[in-house]
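First the structure, in the form of structure tokens, and then the observations on it.
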Amino acid sequence: MIWYPYEQMKTMKAPYEIVDAEGVYLYTRDQKLIDSVSSWWSVIHGYKHPDLTQAIVAQAQEFSHIMLGGLTHEPVQKLSDKLQSWLPGDLDYCFFSDSGSVAVEVALKMALQYYMNRGKERRTMVLALENAYHGDTFKTMEAGDDEDYHFVLKAYGPNPHVAHIPTEIEALERAFEKYQDRLNCLLVEPLLQGAGGMRMYDVSFLQKARELCDRYGVLLIFDEVATGFGRTGNRFVADLVLPDILVLGKALTGGYLGHAVTVANQKVFDGFYDDDPSHALMHGPTFMGNALACSVALKSIEIFETQDYMGKIRRIEEITRREMEGFSDPRIREIRILGGCVCVEVTDAAVLDGYQAFAYERGVFARPFLKYLYAMVPYVISEEDLVKVLDTMKAWFRNQ
């Protein structure tokens, strides 16, 4: 029996069974659906892309996986080199893993050990944001701030090693003044907080964060698992404000295979580069640097670069603003738009009861959660299909 995610198995509705997928479409036995959420925001090129499929097939004919413990291979070397040349600043050192959650765990472990290696044993605290979501492994749950996902941690009581603040500069300044030399890192989802409610905030907060991290000697970590590869309208938010550690996942492989990477700058890497074996980063996911995943990631990046994906994303945002700005309903609290993301926040979660089935009947797969009706479409979507997704959102309020 399948145990499904984020579901009470006793009361859940039967999931839709997908029998095929191509482009932006999912196919059940009786319906063709536009995937408005890109399989949890990852399938940016759509399904069954021939170049991505061929990259996987060609690599599988050589070998599918080789451990990185004492071994290496060309696909992981090429992907590391590509990321080093492609990412901003001196984000040059790639530690691969098999999921975004694990990659954030690695980043938090790096930040803690960076200071432990330097004898700064007071720096045990993580500063994070309210309404944050960084994954479902234990340290990422601690850094997160969403009881709808992480209520199990109540069993442990208050955590003295994590502090949460709103995305307000005054709160940021107060936190640095209060904790000072106890902080090892500030961890943020930059500009767009995904599972915490598609909350959007200004780049000035990140600019101040960079300034304060420099002043107080704290590492700045960007969790761009969801925001990377154009989702905010920026290639990476790290292009605007440079972190010390950058975490990528989801769209890294175009959504074709699970893979992620934690990328450190020179300063962080040098904190581990030592004759002392105890200063090594003792971490090693079995499938880190998986050859299939690296091969498809390389092809995904090539497509992103050569087919003007930033232009596609600007067009998605332009159409979304044209269709959604000015739309109102008493049950809508706010409509938020940023890059390839639109979110309709309602006043009461009950307002969205039944929306998924409503959208299904109209040929759209959607997955609203709590008070948030949103779309994060594949970047290859046509204007006609994007308008259909947005019209379905508006029709829900007009027809109720």
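List the pairs from 109/178; 139/371; 109/139; 10/154 whose alpha-carbon separation is above 18 Å, in the order I gave them.
Table pairs above 18 Å Cα-Cα are 109/178; 139/371; 10/154.
For the chain, what's the relative contact order in percent, using C-alpha pairs closer than 8 Å and at least 6 residues apart?
Worked out over the chain, it gives 23 percent.
Against the longest principal axis of the chain, how steep is helix 291-306, in degrees 0 to 90 to the nearest 10, with axes from Cα atoms?
Helix 291-306 sits at roughly 70 degrees to that axis.
Kirkwood Rh and Cα-based Rg: tell me the resulting Rg over Rh for segment 72-165, rounded to two decimals.
With Rg and the Kirkwood Rh in hand, the quotient comes to 1.05.
By accessible area of protein heavy atoms, probe 1.4 Å, what ranking do 376, 12, 282 get, highest first?
Putting 376, 12, 282 in descending order of accessible area: 282, 12, 376.
Which Cα, out of 206, 179, 157, lies furthest along the positive dipole direction of segment 129-227 (beta carbon charges, K/R +1, D/E -1)?
It is 179.
Work out how far the C-alpha atoms of segment 250-382 reach from end to end along every principal axis, then list the three figures in whole Å, largest first.
Here the spans come out as 64, 35, 28 Å, largest first.
Tilt of helix 203-216 relative to the longest C-alpha principal axis of the chain, in degrees (0 to 90, nearest 10)?
The helix 203-216 is inclined about 10 degrees to the chain.
Please give the solvent-accessible surface of residue 2 in Å², to the nearest 10, using a probe radius of 1.4 Å with every protein chain present.
Roughly 100 Å² of residue 2 is accessible to a 1.4 Å probe.
Magnitude of the Cβ-charge dipole of the chain, K/R +1 and D/E -1, about the Cα centre, nearest 20 debye?
For the chain, the charge dipole is close to 480 debye.
Counting only Cα atoms, I'd like the Rg/Rh figure for segment 1-54, Kirkwood definition for Rh.
The Rg/Rh ratio comes out at 1.04.
Over all directions, how big on average is the projection of the convex hull of the alpha-carbon atoms in the chain, in square nanometres?
20.7
Beyond 18 Å, what share of the Cα-Cα pairs of segment 188-250 is found? Please give it as a whole percent.
Cα-Cα pairs of segment 188-250 separated by over 18 Å account for 29 percent.
So which residue, out of 35, 223, 329, gets the largest mean-square fluctuation from a GNM of the chain using Cα contacts under 10 Å as springs?
Ranking 35, 223, 329 by mean-square fluctuation puts 329 first.
Provide Rg over Rh for segment 13-93; use the alpha carbon set for both Rg and the Kirkwood Rh (inverse mean inverse pair distance).
1.10
Find the relative contact order for segment 56-166 and round it to a whole percent, using C-alpha pairs within less than 8 Å whose residues are 6+ positions apart.
Computed value for segment 56-166: 19 percent relative contact order.
Taking the Cα centre as origin and putting +1 on Lys and Arg beta-carbons and -1 on Asp and Glu beta-carbons, what dipole magnitude results for segment 336-400, to the nearest 20 debye?
Value, rounded to 20: 100 debye.
Using a Gaussian network model of the chain with C-alpha springs under 10 Å, which one of 320, 347, 11 is most mobile by mean-square fluctuation?
Answer for the Gaussian network model of the chain: 11.
With a 1.4 Å probe and all protein chains in place, put 42, 382 in order of accessible area, largest first.
382, 42
For the chain, with a Gaussian network of springs between Cα atoms less than 10 Å apart, report the residue from 348, 385, 145 with the top mean-square fluctuation.
Greatest mean-square fluctuation among the candidates belongs to 348.
So what's the angle, to the nearest 10 degrees on a 0 to 90 scale, between helix 309-324 and the longest Cα principal axis of the chain?
The answer is roughly 50 degrees.
Relative contact order for segment 1-114: what is it in percent, counting Cα pairs under 8 Å that are at least 6 residues apart?
The normalised contact order for segment 1-114 reaches 11 percent.
Hey, rough spin-label estimate for residue 334 and residue 395, points 7 angstrom out along Cα→Cβ, what's it come to in nanometres?
2.9
So with the 1.4 Å probe, I'd like the accessible area per residue for the chain, rounded to whole Å².
It amounts to 45 Å² per residue over the chain.
How much of the accessible area of the chain, in percent, comes from carbon and sulfur atoms when a 1.4 Å probe is used?
Within the chain, the accessible surface is 50 percent carbon and sulfur.
Within segment 96-166, list the chymotrypsin sites (Phe, Trp or Tyr not before Pro) lying in a DSSP loop whose Cβ has at most 13 other Cβ atoms in a 10 Å radius.
Answer by residue number: there is no such site.
Using the alpha-carbon centroid of each, what span in Å lies between segment 131-161 and segment 231-280?
22
The values are calculated or read from the model by the stated rules, or taken from the named source; none is laboratory data. Predicted, not measured: the structure shown is a model, and the values here were computed from it. As a convention, Cβ positions derive from the backbone with ideal geometry for all residues, glycine included, and neighbour counts pool all protein chains shown. For accessibility, only protein heavy atoms count, side chains too; no ligands or nucleic acids. Shrake-Rupley method; radii C 1.70, N 1.55, O 1.52, S 1.80 Å.
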